[in-house]
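Values quoted throughout were computed directly from the atomic coordinates according to the rules given, and no laboratory measurement underlies them. Remember, it's a predicted structure, so these values are computed and weren't measured experimentally. Cβ placement follows ideal geometry from the backbone for every residue including glycine, while neighbour counts extend to all protein chains displayed.
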């Protein structure tokens, strides 16, 4: 199939090599198909990729200037996520178990970052095996939600103090995480959930976080949280 109605707004593709004349497409879901052509789309706002065979994203993906929401789901051979569209508002990455690098440097307008790598068979799970840090996270200016789950080899987070609009922080089962720098300077925070981070040695004084309405911390096996809110 190479031709589709140019008026098409939403499209779900599975095992199709490529299509053309999709100038009005807004929503696209790809599953088990070659994504080489998606950088040529003009107006997509939502893109979900469930592509187990790819190892990297198309080099022109950042050309999707209207893209607001991007999901990588079960891309089990994906090694690298390069430069992403600058207007992206929401980025979700789930079950991409060999991912080694994510370039977040272009995402100044990102509001929602969700990283989830859980698999029901938790025994023997290494989750995101090769990705040890999140370079570029500290340069994000507008995120309101940061969620990181089941990331057993994550050692450190970049200093979070620049995330001045962050409202919700969710860190779960990051067993190697040692510290969370800048947490005490996130004055817009309303909700904090931290659990299953067994190497976390403590938290800074959180008494300055006046907007926090919900706080659930149950992970500091080597020390006690300070400055409870």
Measuring from label point to label point, each 7 Å out along Cα→Cβ, what is the residue 155 to residue 69 span in nm? 3.6
Could you state the number of Å between the C-alpha centres of segment 62-86 and segment 183-214? 29
Hey, rough spin-label estimate for residue 181 and residue 77, points 7 angstrom out along Cα→Cβ, what's it come to in nanometres? 3.7
Proxy reagent accessibility, fewest Cβ within 10 Å first, across 218, 149, 187: 218, 187, 149
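Between residue 210 and residue 100, what FRET efficiency comes out of the Förster formula 1/(1 + (r/R0)^6) with R0 = 35 Å and r the beta carbon distance, rounded to 0.05?
Efficiency for this residue pair is about 0.35.
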Full-stretch length increase - residue 188, residue 60 - with 0.36 nm per residue and alpha-carbon distance subtracted: 42.6 nm
Final fewest-first order of 214, 165 on the 10 Å Cβ neighbour count is 214, 165
Can you tell me how segment 155-221 classifies by the Cα gyration tensor, rounded, prolate or oblate, using a/c under 1.5 as the rounded cut? prolate
